[in-house]
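What follows is one structure encoded as structure tokens, with my remarks underneath.
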Amino acid sequence: MDWTAIGAVGELVGAAAVVVSLIYLSRQVRQNTRALRTANAATVKQNFQTIARAFITDRGASDIILRGLRREELSPAEKLSAYAWFFDLLKSGELAYSQYASGELDEEVWDASLQFFLAYWTTPGMREYWQDRRHAFIPEFRDAMDGWLDSGIGRLTQSDVLYAGAEEAAARPGH
């Protein structure tokens, strides 16, 4: 065997090693993407549970939040408490939306999450809060949120009736 043949064999072995490495890397990227999506879905679910805990653990906070969602009269301290909860809910939605928009959250998880969020976001109190505080959120989320609110997306749910009252909920655009 001469040096040319040895060089050719070396190039072939090198090319095969590159192909094997690329296959391995592509599998690692797919596994990492799946792991990232799973972790992000878990984060979204954990955020829901944390937000819901206010209703379970503190009846006083539940009353304040529900009155805030209905846009009932609140003392300054109560309004601050309701607005803090509204902010947490919207920031959780912003995070989930950002993960979905960047391909890091499965569409099915996002669609289910959006329906959950809309049950709260479309209430009179949240709409008022959004108009007052929308500048605290990233532009992409602001645009999406404005679109959801303007389009009347979402169905009339039992929570709409609970939070906003049947008359107000039925009068919303799209219902």
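The values are calculated or read from the model by the stated rules, or taken from the named source; none is laboratory data. Just so you know, these numbers come straight off a predicted model, no measurement behind them. So basically every Cβ, Gly included, is an ideal-geometry build from the backbone, and we count neighbours across all protein chains shown.
One residue stands out in the stretch 134-170 among those that are at pLDDT 70 or above and in contact with an Asp or Glu (Cβ under 7 Å, 6 or more places away or on another chain): the one that is nearest to Ala112 (Cα to Cα), namely Phe141. Checking each residue in the stretch 65-100 for being aliphatic (A, V, I, L, M), in contact (Cβ under 8 Å) with a residue 40 or more places away in the chain and surrounded by fewer than 19 Cβ atoms within 10 Å (Cβ to Cβ) picks out Leu66, Leu95. Considering the stretch 63-118, and only residues there that are assigned to a loop (DSSP other than H, G, I, E, B) and not polar (S, T, N, Q), the residue that is nearest to Leu149 (Cα to Cα) turns out to be Arg71.
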